[in-house]
Every structure is written in structure tokens, then in C-alpha cells.
Amino acid sequence: MNKSAMISGITGQDGGYLAKFLLQKNYTVYGLYRRASNDTFFRLKEHEIFDKITLLDFDLLEFTNICRVIRKYQPDEFYNLAAQSFVSASWEEPLYTTQADGMGVLYLLEAIREFSPKTKFYQASTSEMFGKAVEIPQTEKTPFYPRSPYAVAKLMAHWACVNYRESFNIFSCSGILFNHESPMRGEEFVTRKITLHLAKLYNKLTDAPLKLGNLDSKRDWGFAGDYVEMMWKMLQNDNPDNYVIATGETHSIRDFIHEVSRYCNFDIEWQGNNENEKGIDKKSGKTIIMVDKQFFRPAEVDLLIGNAVKAKEILSWEPKVKFNDLCKMMILHDIDKTRK
Ligand code: F7E
């Protein structure tokens, strides 16, 4: 019999890549989504898998609904990718973020414990839990220091996952994923915000400079398509555990801008400091980037870089797409998309 997998957050970047991956492995895929008035299925349509998934109404804050779907379908595997995932928004909506990203996970674990204890559970944990990192690079053993309501909530979920494993023998894994991007990334995240806007400037669809916040924070950016394989591998291993998933390379927002600019024929020179800094194209003299303090965060995570050696040794996993390839993939996609 085919295995079954339930994916919450099916409409997000990772939901699409994971569903595609599992369908190729002949899984029956149940996609859990939150009802909305706009079309949130565009990624599933772009992956050409929309009609291959059984879509079910779901809300992380509605415990009765969670119990019903888990009890009815009792999936072999549950991937919890649903969350309020935009770090910036978590300062504006700390209570909602904590309910969804912290308590929501407890609801899921309780429903599994009660109605489907054989279901293997994957929790989308995050490098944001390392926050003001106390060690470089970060591993599964690095102490946590969350810097946003988002990270605080995710940390609670991470420990709940460990605790249900140790208390009730639930097969729950925590994947501590560093930033992972793709052409399907949401437009509010910095990489996609940059590639979309630079592509529009390149195709002369706008003249307006791109407004950004802190250009000097550094992230370990991998490709989402690589990372979903690791989610699956964690649940196929004999024992549930926590794994860091990262590339082991770190780059600043500024580096990302320079790398994607090459494909738009921009040669950016920086002028001014802090809130008055601008990125000017040397060739045309046009302002491409403007720093705008509205995009600064109340507390920043300055530097993240992961060491995924445990994933390599135990699960034979390594990322395939490197930083330069990721930049190229994203900017070429957006140049093409905006041209159409
Ligand atoms: O910010 C800086 C910003 O929003 C990255 C989520 O998937 O990865 C993601 O979280 C950096 C930060 O991602 C802008 O201050 C500058 O230092 O792309 P981001 P994130 O906050 O790292 C982790 C692993 C998750 O778990 C999250 O769910 O870029 N930055 N200027 C900006 N960021 C944004 N969004 N917009 C700007 O204008």
C-alpha cells in the first residue's frame, strides 16, 4: 500500500516542493490549507500537482478541526510546515504568532498522541532559534538565543517535539532549517523582494528604487528544493532526532544584491551611511537601492551559518545547490516572469 503524508502549509514554498517530492515517491498526499478568499494554490498549479493532492480545510488554531483530520486519515507521516513565518510580522502580531507557531504544534502533537500515535511527525523548526548566536557555526548542540516573538514560539514548538518524543514515544523530528529560498519564495522575504524588484528595473517596468532595511545581516541561504528531501529522510530513519539543515556558507544581503545584479547588468556602488545609504548603478548613475528604516527590526539576527555534518553522517544528505546557483536561478526566473 502507498504511504500517506499530510502536509500542513501546503500552499507555501516548502509545501509545494515537498508535495511534489512525495508524489514522485508514490505517496498519497493530503494538503492542509487555511481557507482564503484569494487563490493561494498558485504554487501547486505551477508545480503541476494541484489535482494530485487531496486538499482539506485546516487551521492551526482550531483544535477540533485538527483532531478530526488526524483521527479520520491517520496518516503515516505528518509534516507541519504551517506557520506565521514572517519574522518581521511577529513583532506586530506576537500573540497570534505564538498561538499558531507554538500552541498550534502542541495541538498537533496532542491530536497525534490521542488519535494516531503511529504517525511520524516532522516539525519545521528554524535557525532563528539560534538568534543572537553564541557559537559559529551553529549545530544541534548550540544553545538557543531567540530574538523575535517568532523565534520564541518556534523554540517552544521545538522543545514540545523533543518532549513528546521522550514522554510518549511519539516519532517526532525537529528540522532546524536555515534560510531556504527559491523562485517560489514569498515576495516579502528579502531574497525574493530583491530579485523581483531588480528584474522589474531591468525590464524597465519600474523606475523606483528598491527600499530595504539592514544590508549587513548574514544568512546561510540554501535551496528549498534540496531541503524538503531532508524532511523526508528524517522520518525514514530508525530514530527520531533533531537535525540542522544548512549549506555551511554565509552571505550578507549586500552580497546577494551584488550577485543577482550581475544578471541585470547593474554594477552597484554604495554611497552614504546607515539610514542614508544608497546603491547606485555606476553605469547609468541611477539609484537602484535605498535604505529605509521602516524595514529595520527591533532586534536583529546578525549572523547565521549552520553546520549540517550530522545530517551528512547519519542521513547521507548534502545540499546540491550553492549560493551562486541559487542567485542565478531566482533572478533568471524573475527576469523571465516579469517580462511576460
Ligand atoms: O530576512 C534583512 C532582515 O525576511 C533576512 C523565514 O523563512 O528564514 C526566514 O527568516 C534578513 C534579515 O528572512 C529587508 O533584517 C533587510 O536580517 O528574508 P527574511 P528571515 O527573517 O531570516 C528563517 C530560517 C525562518 O524560519 C523564517 O520563517 O534580511 N532585510 N531588508 C530584510 N528582510 C525583509 N524581509 N525585507 C527587507 O526589506
In whole Å, largest first, the alpha carbons of the stretch 203-246 cover along the principal axes 55, 25, 9
Rounded to one decimal in nm, the spacing of the 7 Å Cα→Cβ label points at R68 and S284 is 5.3 nm
Once both label points are put 7 Å beyond Cα along the C-beta direction, the L332-T139 separation in nm becomes 3.7 nm
Ignoring ligands and nucleic acids, L215 exposes an accessible area, probe 1.4 Å, in Å² to the nearest 10, of 10 Å²
Expressed as a percent, the accessible surface of the chain that is carbon or sulfur, using a 1.4 Å probe and the full set of protein chains, is 47 percent
Burial-style ranking of 200-211, 176-187, 107-118, average other-beta-carbon count within 10 Å with highest first, yields 176-187, 107-118, 200-211
Along principal axes, largest first, the alpha-carbon spread of the stretch 282-340 in whole Å comes out as 50, 37, 23
Over 24 Å (Cα to Cα) among K45/K204; K3/K337; K233/K322 -> K45/K204; K3/K337
Quick calc of log₁₀ I(q)/I(0), the chain, Debye, one scatterer on every Cα, no solvent, q values 0.07, 0.11 1/Å, result -0.29, -0.72
Given unit charges at Cβ for Lys, Arg (+) and Asp, Glu (-), the dipole magnitude of the stretch 16-74 about its Cα centre in debye, nearest 20, is 220 debye
Regression test value, accessible area per residue of the chain, probe 1.4 Å, units Å², expected 46 Å²
Computed over the chain: longest principal axis from alpha-carbon atoms vs helix 104-115 long axis, angle to nearest 10 degrees, is 20 degrees
Nearest-0.05 FRET efficiency for K293 and F50 at R0 = 41 Å, using Cβ-Cβ distance, is 0.50
Of the residues P209, I176, Y227, the Cα lying farthest along the dipole of the stretch 173-237 towards its positive end, which is defined by charges on the beta carbon of Lys, Arg, Asp and Glu, belongs to P209
Given 94-106, 123-135, 55-67, the highest-first ranking by average Cβ count within 10 Å works out to 123-135, 94-106, 55-67
So the angle from the long Cα axis of helix 63-73 to the longest Cα principal axis of the chain, reported in degrees to the nearest 10, equals 70 degrees
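May I ask you to compute the full-extension gain from E114 to K25, defined as 0.36 nm times their residue separation minus their alpha-carbon distance, rounded to one decimal in nm?
Going from the current span to full extension adds 29.2 nm.
Might you report the magnitude of the Cβ-based charge dipole of the chain about its Cα centre, with Lys and Arg at +1 and Asp and Glu at -1, to the nearest 20 debye? Display every interim value, and only then the final one.
Working: 44 positive and 45 negative charges, 129 e Å.
It works out to roughly 620 debye.
Counting Lys and Arg as +1 and Asp and Glu as -1, each charge on the Cβ, what is the dipole of the stretch 157-210 about the Cα centre in debye, to the nearest 20?
Numbers: 6 positive and 5 negative charges, 33 e Å.
Roughly 160 debye for the stretch 157-210.
Can you divide the C-alpha Rg of the stretch 66-121 by 2.2 N^0.38 Å and report the result to two decimal places?
On the way: Rg = 12.9 Å, N = 56, 2.2 N^0.38 = 10.2 Å.
That works out to 1.27 for the stretch 66-121.
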Yeah, the stretch 124-269 with a ≥ b ≥ c from its alpha-carbon gyration tensor (a/c under 1.5 is rounded, else prolate when a/b outruns b/c, oblate otherwise) is prolate
The FRET efficiency for L106 and K132, from their Cβ-Cβ distance with R0 = 25 Å and rounded to 0.05, is 0.45
Reduced to Cα centres, the span from the stretch 153-193 to the stretch 307-337 in Å works out to 18 Å
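Working from the alpha-carbon coordinates of the stretch 38-79, get Rg over Rh, Rh being the Kirkwood radius.
On the way: Rg = 12.5 Å, Rh = 12.1 Å.
Here the Rg-to-Rh quotient is 1.03.
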For the chain, longest principal axis from Cα atoms; helix 190-202 axis from its Cα atoms; angle between them, nearest 10 degrees, is 40 degrees
Over the chain, the sum of -39500 (n - 2.57) across DSSP H runs of at least four, divided by residue number and rounded to 500 deg cm²/dmol, gives at 222 nm -11500 deg cm²/dmol
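Which of the peptides 137-146, 269-278, 30-39, 155-164 is most tightly packed, and how do the rest follow, judged by the mean count of other Cβ atoms within 10 Å per residue? Could you put the intermediate results ahead of the total?
Working: 137-146: 17.1, 269-278: 11.5, 30-39: 14.8, 155-164: 20.4.
So the peptides 137-146, 269-278, 30-39, 155-164, ranked by packing, come out 155-164, 137-146, 30-39, 269-278.
The values are calculated or read from the model by the stated rules, or taken from the named source; none is laboratory data. No experiment lies behind these values; they were computed from the predicted model shown. Cβ: placed from backbone, ideal geometry, glycine included. Neighbour counts: every protein chain shown. Note: accessible area is taken over every heavy atom of the protein model, side chains too, but ligands, DNA and RNA are not part of it. Shrake-Rupley method; radii C 1.70, N 1.55, O 1.52, S 1.80 Å.
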